[in-house]
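To start, the structure under review is shown below, and the notes come after it.
Each reported figure results from applying straightforward, stated rules to the coordinates on display, with no laboratory input. Quick caveat: nothing in here was measured; it's all calculated off a predicted structure. In this analysis, Cβ positions are derived from the backbone assuming ideal geometry, glycine residues included, and neighbour counts consider all displayed protein chains.
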Amino acid sequence: MSDPAAGAPRRRLFDQRAGAPTLIGIGSRFEGTLEVRGPMSLAGTIIGDGSVAGLVSIAQDAHWRGNVRAHAAVIAGQVTGDLTIETKLEIGKSAVIRGSVRAHVVAIADGAIVDGAIAVTGSQPIIRFEEKRAPHTDAGG
């Protein structure tokens with residue numbers, strides 16, 4: 001018997017999120033230290049450091065000014081600060097990161113800007129890819 005998933009295309013990290021995320025929507029702003037116990041979607045602005053126990057998704061028009069720690073991340077917007085990701089970091093073509101990046105696996109789309117050092121903690125080299133679909137522009141996915 002064949003495995004039906006064997007021929008299926010690999011899903012992007014954003015598509016693999018589970019559960020209802022904490023949302024900071026378009027036009028919203030949060031200042032302070034943020035701690036999230038599950039996944040999170042940012043479409044507004046955060047000023048301050050944060051820790052996300054699940055996947056953090058930063059939409060194209062979103063901006064996080066502060067240091068970010070997360071289990072996994074998909075970045076399409078701006079981060080001004082250091083990123084520390086336990087597992088996989090996917091950086092979309094519209095992303096602008098001004099700070100150091102540290103993750104087990106790093107995938108960067110053509111056109112993305114990372115102005116800082118990149119440290120890969122896993123054995124795989126940095127993965128380069130071409131973004132083939134429009135980035136998420138809102139917190140709804």
Failed criterion for Glu90 (all others in (1) without any contact (Cβ under 8 Å) to a residue 40 or more places away in the chain; (2) over 21 Å from Arg29 (Cα atoms); (3) outside any loop (DSSP other than H, G, I, E, B) hold): (1)
Total residues in region 113-129, condition touching a strand residue (DSSP E or B) at 6+ places or on another chain (Cβ under 6 Å) and either part of a loop (DSSP other than H, G, I, E, B) or surrounded by 13 or more Cβ atoms within 10 Å (Cβ to Cβ) (or both): 10
